[in-house]
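The values are calculated or read from the model by the stated rules, or taken from the named source; none is laboratory data. Note that this is a predicted model, so its numbers are computed, not measured. Backbone-built Cβ (ideal geometry, glycine too); neighbour counts: all protein chains shown. Just the protein is used for accessible areas: all its heavy atoms, side chains included, with ligands, DNA and RNA removed. Shrake-Rupley method; radii C 1.70, N 1.55, O 1.52, S 1.80 Å.
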Amino acid sequence: MSFREMLEQVKEGRADPECEAAVKAEIEKHEAIADYLAERFDEQFSDQEPSPSPETGRISRRVRLRLLGSACLAVLAVFLIAAAAVLFCDLSYYNPNKGIEARYGGDGQFLLDMAAFTELHSPGYTASYAEAVRSGPGSYDLRIRQNDLFWGRELSSFDRLVRGKTVGSGGRTANEYWRFPIANAFGYRQGLIVWVDENGVEHTEADPDTLADCREALAALPPSSRAAVYVTFGHDLSLEEFDVLLERYGEKVPDLYFAYAAVAARDGYQPGTLGFEPSGAGLVFENAPEEEFPCFELALHDGEMEENRPAVWEEHFRSLLRYLSGRPGFLEAMADVNGISPGYYQEALEYIDQNGIGIYGALVHGGAQDILRLLEEEDVRDFYVENVKLSVLSR
């Protein structure tokens, strides 16, 4: 393979480690040549004593030719240095496109990263498109699409990535694609919220009067209405118990959709919301890394889901954690928030290794009356109504 071909592979993020090493070695060689040429250029322009001999004219012409050659070499040296600097930027900073190639556009490595991140941290959303267009050395224009499952709409985010950091674009914030749930969602269970009563007493449980008011408001909604409600269970459910819950309501109330299952990642305080979408909603990724990360894409395992959902859920959740723990460049560039890092996911894996997977809450979509039934029949510690629409036709 020629150097030009190897260089193109590196620029496009398709090069293997051996190819990258070879290109870097060539860059170092040309940098050394550039340094040598620069030294020669300085020598050529050093002070020279004029010659009194009759051959002065011929010598002057030779000097001019040598200076012209040196100038050309200097221009070449500058060009090589600039090319080396550009390539150095591309190799040194996070490249969103490096890895799995896109098949149809916007469905390559960058989308897989965003899909895993969105599923783990953004209840009720899925990532459907992620494109990074190179705009300069180590720089990319980003476009990300995420689907809001409750409203059935697609949301677009635009950003710029410059030398491994997002900087925002078009007046938008750099974290628009961070669709984390509000603290009220699971706040009491996560240790994020307390409230103080009229006597100055702190409470770490939801106010019963507030919950009663919310139940009354849900009951007053028309039968056509639908609600998105965060539910915190009275005790953490095992995957088997969660499966029984979904099976029971799938038979009794098929209109209920469990859009997210929140998983405990440590004892007590929970550093951010972490979980998974249990039904496999969203796009089907034909290029999902299933060999290294089994059940990465739930939609590809319908048969296994029918036989043993808890086992598939566990493999899926573990695969998402392991996958993102191996994507430090993406996390540093796109998810530098809430302590998220490779170590964050590794600690979560260690916790579930020791304690199993405990589901402490869920995001549920459905008719207001059906959700009220769930709240009345199940052991529920807390709930928070995130959104309501009067009809499936609401926009």
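Looking at (1) open to solvent by less than 40 Å² (accessible area, probe 1.4 Å); (2) closer than 23 Å to Glu216 by Cβ, which one does Asp370 not meet, given that it meets all the others? The one condition Asp370 does not meet is (1). Just one residue in the set Leu363, Leu321, Leu349 is of a type in the set (A, V, I, L, M) and under 15 Å from the mean Cα position of the chain (by Cα); that residue is Leu321. Residue count for the stretch 165-178, restricted to those that are open to solvent by less than 40 Å² (accessible area, probe 1.4 Å) and either modelled with pLDDT of 90 or more or not in a loop (DSSP other than H, G, I, E, B) (or both): 2.
So that you can scan it fast, the table gives a plain yes or no per residue for (1) at pLDDT 95 or above; (2) part of a loop (DSSP other than H, G, I, E, B):
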position: Cys214; (1), (2): yes, no
position: Ala227; (1), (2): yes, no
position: Gly234; (1), (2): yes, no
position: Asp243; (1), (2): yes, no
position: Glu247; (1), (2): no, no
position: Thr273; (1), (2): yes, yes
position: Pro278; (1), (2): yes, yes
position: Leu283; (1), (2): no, yes
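Gly136 falls short of the stated requirement of being at pLDDT below 95, farther than 26 Å from Gly275 by Cβ and within 14 Å of the chain's Cα centre (by Cα).
Being at positive phi and out of contact with any Gly (no Cβ under 8 Å at 6 or more places or on another chain) holds for only one residue in Gly303, Gly356, and it is Gly356.
Determine which member of the set Ser394, Ser325, Ser319 is out of contact with any Pro (no Cβ under 9 Å at 6 or more places or on another chain) and among the hydroxyl-bearing types (Ser, Thr, Tyr). Sole residue among the options that is out of contact with any Pro (no Cβ under 9 Å at 6 or more places or on another chain) and among the hydroxyl-bearing types (Ser, Thr, Tyr): Ser394.
Within the stretch 127-144, being assigned to a strand (DSSP E or B) and either among the small types (Gly, Ala, Ser) or within 12 Å of Trp178 (Cα to Cα) (or both) holds for Ala127, Ser128, Ala130, Ala132, Ser135, Gly136, Ser139, Ile144.
If you check Ala262 against the conditions, is it at pLDDT 95 or above and over 30 Å from Asp107 (Cβ atoms)? No, not satisfied.
Being of a type in the set (Ser, Thr, Tyr) and over 17 Å from Phe383 (Cβ atoms) is true for just one of Tyr188, Tyr230, Tyr177. Which residue is that? Unique residue meeting the criteria: Tyr177. Among the candidates Glu314, Glu286, the residue that is farther than 20 Å from Gln354 by Cβ and charged (D, E, K, R) is uniquely Glu286. Residues that are in contact (Cβ under 8 Å) with a residue 12 or more places away in the chain and under 23 Å from Ile100 (Cβ atoms) number at least 2 in the following helices (runs of 4 or more DSSP H) confined to the stretch 285-357: 309-325, 328-334, 342-355.
Among what's in the stretch 358-372 and is assigned to a helix (DSSP H, G or I) and hydrophobic (A, V, I, L, M, F, W, C), pick the residue that is farthest from Gly124 (Cα to Cα). Here the answer is Leu372. One residue stands out in the stretch 202-216 among those that are without any contact (Cβ under 8 Å) to a residue 24 or more places away in the chain and of a type in the set (D, E, K, R): the one that is surrounded by the most Cβ atoms within 10 Å (Cβ to Cβ), namely Asp207.
The residue that is modelled with the highest pLDDT, counting only those in the stretch 107-123 that are open to solvent by less than 10 Å² (accessible area, probe 1.4 Å) and more than 12 Å from the chain's Cα centre (by Cα), is Pro123. Determine, yes or no, whether Glu251 is in contact with a helix residue (DSSP H, G or I) (Cβ under 9 Å, 6 or more places away or on another chain), over 24 Å from Phe110 (Cα atoms) and among the acidic types (Asp, Glu). No. Every test in (1) touching a helix residue (DSSP H, G or I) at 6+ places or on another chain (Cβ under 7 Å); (2) surrounded by fewer than 21 Cβ atoms within 10 Å (Cβ to Cβ) is passed by Leu390 save one, and that test is (1). For Val194, the requirement of being of a type outside the set (Asp, Glu) and free of Cβ contacts under 8 Å to residues at least 40 places away in the same chain is met.
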